[in-house]
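No value in this document is a laboratory result; all are computed from the given coordinates. Worth saying up front: this structure is predicted, and the values here are computed from it rather than measured. Note that each Cβ is placed from the backbone with ideal geometry, even for glycine, and that neighbours are counted across all protein chains shown.
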Amino acid sequence: MRSSTLSVSLFVAVATSATASAQTNRAVQLRSVDFDRGLIEVFNFGTTDADLSGWRFCSFDEDQSFRYSSIGGLNGVTIEAGTSLFVHFNNDAPAGDADRINRSAVGPFATPLSPEAFGLSFFDPPASGSISFGNGAQMSDYVQWSVGGAVDGNAASRAGQAVSQGIWTSNAGFVATTESTGRIDLTDGDGGLLHGPGSFFALGATVFDEAGGVDASDDRLNPTPIGLGAGSSTIVLNQQGDAFGRDLDYVTFDIPAGQQLASLTLDAFIADAGNQGFLAIQQGTVFTTDASSTLPSDFLGGVVYGAQFTGADLLPQMAQLGTGLPVPLGAGSYTLWFNQTGPQSEAVLTFAIEDSSVGSAYCGPAVPNSTGASSALAGGGSSSVAANDLVLSGSSLPLNSLTLAIASRTQGFVQAPGTSIGNLCLGGSIGRFIGQASSSGATGSVNVAVDLTSIPQPNGAVTALPGETWNFQIWHRDAVGGQSVSNFTNGLEVVLN
Ligand SMILES: [Ca+2]
Ligand SMILES: [Ca+2]
């Protein structure tokens, strides 16, 4: 469970800024809402335990006028300083865990919990008497969210109270979610009072989250597998080292063929000021060297990171330490080692897996060939002139057919030129890769490695330059109804860099 140390001076600031109602405990704040697992987390940023007897939640959504947790639902519940209380909307709180309580025990507020528009407030009763929900001075904290951050007047019914108390930035400010947002999480780790949409981040598909009480493997030879899908995948790692040991976290992941890791973004780093984390990456499904003796020469890339990198892609930083991390990172298996020498931290990281294809298809789909499919062309390798590893990949071709790649700086469109039944998508000066003409073979596919220092053109090969745009196509033979014809793939535009 996450915890945070709070300085005495900060506690004074919290206490004195609650001028509207001296007794309202605003050190108790809404810290996360987990839609995937149905959890609302309240955190005590104070230095003293908080008795939540009499406290109540209130929620509004786009069509509920209001929903309250029940009177007395939190009676007898204490939230210790620097710890969390979780309300479990799926009523799956472990028995006997004082830090977790079922929603059924506190009443049906914020039900059903979803990333769609909600305003959620938490109220601290006055020293005597019951809560007056219209009295913002009794509001301890507030958060509102909606899909895309769209303003929803009903969900924002209590926003004005929160704004007037200096605990929410604007009536119209909603934490932006999507339908697939797994969780929203407060990034402010020091208990500041004024929060708004910028104080929270919305996690996408969360593939691994230690906040659920699991710990990534400490064993470098048995790292925890994390399944990264196409698009964004988020992991949340909590590291609780102490004076006597460290929490090592090893995770392993695969990047499928045809895809690449485009970025590894540090969404948040929640730790005491100045605290830093470290991570390193190796190729393969284990980390081959021990944490106590690993050197930069042992890993592809690594970085010492902290809150200063919040929102940044760590891959370029990682490439500066180690034996040379390719960015983007291509297909294969990799293992990450997370190490944290400070007392405690939480890191939220999002992997962006994208198609590694190079260039953009145009002038497609092609006229179907004799197989009924459209011959297709995609780019692989890279668009880097320095790397000079561009590959043209033709697929869905008729089997055992002669193919010939062609290139031009100019796009065009000629329908059924000559004996072709297809479309020529190049114009201007068109060169032919005659030396690399080849059969599509038994798989109906072909790969043509393009030498960017020698691209064929009618008046002789030329050297491509960064910034130039080149267009490619693959011509191929075919037979339709016993007649010999030819056809083309779609066009492929590649902007070189
Ligand atoms: Ca851990
Ligand atoms: Ca661990």
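If each DSSP helix of 4+ residues adds -39,500 (n - 2.57) and the sum is divided by the residues in the chain, what number results at 222 nm, nearest 500 deg cm²/dmol?
Taking each H run of at least 4 residues, the total per residue is -1000 deg cm²/dmol.
How large is the charge dipole for region 360-495, taken about the Cα centre, if only the Cβ atoms of Lys, Arg (+1) and Asp, Glu (-1) carry charge, to the nearest 20 debye?
That gives a dipole near 200 debye.
For each cysteine in the chain, check whether another cysteine's C-beta sits under 4.7 Å from its C-beta; list those where none does.
Cysteines lacking a close Cβ partner in the chain: 58.
When 370, 69 are ordered from fewest to most other Cβ atoms inside 10 Å of their Cβ, what list results?
By the 10 Å Cβ count, ascending: 370, 69.
Treating only the Cα positions of region 208-355 as identical point scatterers, give the base-10 log of I(q)/I(0) from the Debye formula at each q in 0.16, 0.20 Å⁻¹.
Here log10 of I(q) over I(0) equals -0.81, -1.35.
For the chain, how big is Rg over Rh, using alpha carbon atoms and the Kirkwood form of Rh?
Rg/Rh: 1.12.
Assigning unit charges at the beta carbon (Lys, Arg +1; Asp, Glu -1) and nothing else, what dipole magnitude in debye, to the nearest 20, does region 208-355 show about its Cα centre?
That gives a dipole near 340 debye.
Placing +1 on the Cβ of each Lys and Arg and -1 on the Cβ of each Asp and Glu in the chain, which of 378, 217, 227 has its Cα farthest towards the positive end of the resulting dipole?
Comparing the listed Cα positions along the dipole, 378 ranks first.
Output the antiparallel fraction of DSSP beta bridges having both residues in region 360-495, as a percent to the nearest 5.
Bridges in region 360-495 are about 95 percent antiparallel.
Sort 72-79, 307-314, 134-141 by the packing proxy (mean of other Cβ within 10 Å over each peptide's residues), most packed first.
With the highest mean Cβ count within 10 Å placed first, the list reads 134-141, 72-79, 307-314.
Roughly how tilted is helix 8-17, in degrees to the nearest 10 and between 0 and 90, from the longest Cα axis of the chain?
Once rounded, one gets 80 degrees.
State the answer as a single residue: which of 414, 479, 491 lies farthest towards the positive end of the charge dipole of region 360-495, with beta carbon charges of +1 for Lys and Arg and -1 for Asp and Glu, about the Cα centre.
About the Cα centre, the residue reaching furthest to the positive side is 479.
What length, rounded to one decimal in nm, is gained on full extension from residue 389 through to residue 99, with 0.36 nm per residue of separation minus their alpha-carbon distance?
Result for the pair: 98.8 nm of gain on full extension.
Select from 388, 176, 424 the residue farthest towards the positive end of the dipole of the chain; place +1 on Cβ of Lys and Arg, -1 on Cβ of Asp and Glu, and compute about the Cα centre.
Result: 424.
Run the dipole for the chain about the Cα centre, Lys and Arg Cβ at +1, Asp and Glu Cβ at -1, nothing else charged, and hand back the magnitude in debye, nearest 20.
Charge dipole, the chain, about its Cα centre: 1200 debye, nearest 20.
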